Amino acid sequence: MTTTKSTYHLQQHIKFKHILVFLLIGVFQFANAQEADSIKKEEDPSFFSFSWSKIQKDKTLQPLYDALKDADFGAQRFSIFDQLIDHHAKKANTDSVLHYGNLYVQELGNWDKPEKEKKYLFAKAYYFMSLGSSLNGLVDKSIEWNIKGLQEAEAINDSEYMYLHKVSLAKNYIAQNSIDKAINLLKESISIYGKQQPTITYRALLQLGNAYSQKKEYDIAKNYYNSSLELAKQFKDLEAELEIKLHNAKLLEVNKEYNKAIQMYAQISNQAKAKNFNAIYYEGALLVAKLYYKLEEYNIANVGLTMAYINAVDHENLQFQRESLIIQARSFYKQEDYKNAYATMTQLFGVLNEIKDKQQREIIKELEIQYETIKKEQAISDLKEDQIKQQAELDRQKTIKAAFLIGFLVILIPVIALLYTYYQKMQAQSELAKKNEEINSQKVAALKQEQELKLIKAAIEGQDEERKRIAQELHDSIGGNLAGIKLQLASVKEKTQTLNTISGQLDETYQLVRDISHTLIPKKFRQDDFTQLIKEYTKSITSTGKLNVEFHPHPEDKINTLNEIVKMELFKIIQELMTNTLKHAKASTTDIHLNYFEDSITLLFEDNGKGFDTSKNREGIGFKNIKSRIEKLNGTLHVDSAINRGTVVSIEIPIKNTTNDNI
């Protein structure tokens with residue numbers, strides 16, 4: 001019933017259109033006469049020619065139509081839909097916008113991709129559907145598409161389509177006269193997205209101007225229009241510029257500057273027609289016709305409204321059809337042409353019914369899309385079930401074949417495995433024998449070397465200890481006795497030549513004992529600089545390639561003034577620490593810092609070896625020797641080490657008098 005009714009109205013529209021084409025010749029003559037009279041009354045209005053902008057098949061779209069036939073389902077087709085919808089929106093071909101928008105939504109629903117990947121495209125497709133519905137006067141449906149698109153865009157935090165849907169939603173609120181609601185939404189959106197999406201911002205500013213114009217706050221509206229126009233010019237968007245100028249021209253009409261308003265309407269409409277911006281051209285023509293109606297120039301108004309209606313019918317734009325028929329019915333009524341007024345109202349009711357029919361068809365289409373989506377999902381599920389069955393059969397056949405193969409391999413593999421194992425065992429034994437031989441050779445060499453080192457070290461230590469003991473005996477015992485005898489002689493009151501001679505001999509003997517005790521201390525600590533001896537020692541360790549040793553004395557000249565005993569003890573301590581590092585630490589680098597500061601000398605010995613747990617590790621002979629030597633010098637020892645973190649040994653020895661003349 002609905003389809004038959006819609007077909008009837010369409011036939012009536014076409015019939016009416018062709019009748020009007022023949023009648024318009026006479027009407028134009030009358031309209032031109034009226035317009036001439038009007039020109040006499042007004043100062044030089046711009047010429048505006050009402051004309052029929054018949055739909056022509058755009059040849060530039062043919063490559064897109066051809067590409068659509070061969071395009072793969074999915075991204076390729078969606079890209080073509082984008083271009084076609086953008087073109088038809090500029091031409092105000094609303095049914096084409098809705099047609100491709102519906103295809104977009106339907107194919108997205110059937111696209112076998114995760115929902116997260118499709119949300120951006122759904123947000124875009126819903127925006128196209130909102131645009132088409134709005135152009136057709138289906139405001140409630142347009143709002144529904146906006147809300148759906150906004151939900152998709154918010155799910156992926158896409159600022160572009162969140163902003164576009166909010167601006168479109170505000171435009172629909174203005175159409176519903178919910179002005180404050182629209183203003184709040186627009187201002188909030190501009191504050192959030194304005195800077196990052198400037199090409200959308202001038203659309204938002206335009207809608208703010210429309211909202212304040214509806215509230216009759218024309219100065220505020222003009223400010224928003226001018227801000228929007230400035231941005232549109234900045235981005236060289238001519239279509240947006242013309243649309244904004246059209247709204248500025250409406251403000252001239254509000255201020256009763258009718259001549260200027262007609263001039264601007266005519267200028268903008270002519271520019272829009274030249275650039276094929278049909279939506280702007282239709283609206284401009286309709287505004288001119290409405291203004292002539294307001295000026296009671298009903299004949300001219302009727303010509304303009306008739307042409308606006310024919311254009312709207314050709315482009316299937318129900319919104320413009322409705323508006324032009326409403327004004328034309330009033331115009332015929334004002335002329336007391338009740339017959340045409342009635343005929344126009346009949347057409348208007350037909351348009352209103354068609355708008356309702358379209359709303360119903362949109363609901364049905366949406367349900368069909370949902371149904372198709374469910375069917376697609378069911379088909380995918382069935383396909384997956386068939387695939388599972390086929391896979392199960394393939395798996396069964398593979399299992400049978402595998403069983404035969406396994407039976408054969410069960411016999412062959414153990415034989416190969418035994419042969420291979422035997423071969424591996426023979427190889428392993430041969431390698432093990434070689435490695436054991438090498439390890440034993442290395443152990444023997446290491447033991448010999450270690451034994452030799454121990455013997456040399458023991459011999460040197462024995463000699464050093466013996467020399468040290470003799471030197472101490474000479475210095476402390478004999479030297480002490482001689483010093484006591486000298487003091488006793490010094491206490492004798494009567495001095496004789498004999499006593500003086502004995503005293504002199506005692507001095508010579510004491511000095512001789514002192515020189516002998518010093519001579520017994522190893523010569524190398526007296527002949528060479530102490531720091532140079534340590535450098536040579538560390539260099540010999542580094543030259544082996546097993547350990548890199550760095551020695552840092554400071555100040556070098558002052559360290560070399562230490563007495564021989566302190567030098568010897570420090571050297572022995574460094575040797576013990578180095579021996580421990582070589583034997584146990586498995587280090588690659590060692591740093592030795594020897595610093596003389598104020599009345600103390602500090603030795604810092606650090607390696608990057610494996611370290612040890614100081615709470616569990618027992619002290620070896622080496623560490624005991626080091627402690628013994630430090631205690632003799634009244635020094636302190638601190639050891640800091642941890643597993644896999646290296647070892648740091650810090651030693652501090654107080655030095656009161658370090659010249660070689662005193663011990």
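Numbers below:
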| read-out | value |
| --- | --- |
| Accessible surface of the range 109-197 [probe 1.4 Å, protein heavy atoms]: carbon and sulfur percent | 46 |
| Global form of the range 259-344, assessed from the alpha-carbon gyration tensor, a/c cut-off 1.5 | oblate |
| Accessible-area composition of the range 560-638, carbon plus sulfur, in percent [1.4 Å probe] | 48 |
| Too-long pairs where the Cα-Cα distance tops 18 Å, listed order kept, from K535/K558; K583/K632; K90/K236; K290/K334; K535/K567 | K583/K632 |
| Cα gyration tensor shape of the range 174-280, rounded if a/c is under 1.5, else prolate or oblate by comparing a/b with b/c | oblate |
| Anisotropy class of the range 213-275 from Cα gyration tensor, a/c 1.5 cut | oblate |
| Surface accessible to a 1.4 Å probe, per residue, for the residues of the range 176-242, Å² | 54 |
| Where the range 256-337 is the region considered: accessible area per residue in Å², 1.4 Å probe | 36 |
| Local net charge near E606, Cβ-Cβ under 10 Å (Lys/Arg +1, Asp/Glu -1) | -4 |
| T60, T614, reordered so the largest accessible area comes first (probe 1.4 Å) | T60, T614 |
| Carbon plus sulfur fraction of accessible area for the range 220-362, probe 1.4 Å, in percent | 48 |
| Cβ crowding within 10 Å averaged over residues, with 116-128, 430-442 ranked highest first | 116-128, 430-442 |
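The values are calculated or read from the model by the stated rules, or taken from the named source; none is laboratory data. Fair warning: this is a prediction, and the values are worked out from it, not measured in the lab. Note: ideal-geometry Cβ built from the backbone for every residue, glycine included; neighbour counts use all protein chains shown. Remember, those area values only see protein heavy atoms, side chains included, never the ligands or the DNA or RNA. Shrake-Rupley method; radii C 1.70, N 1.55, O 1.52, S 1.80 Å.
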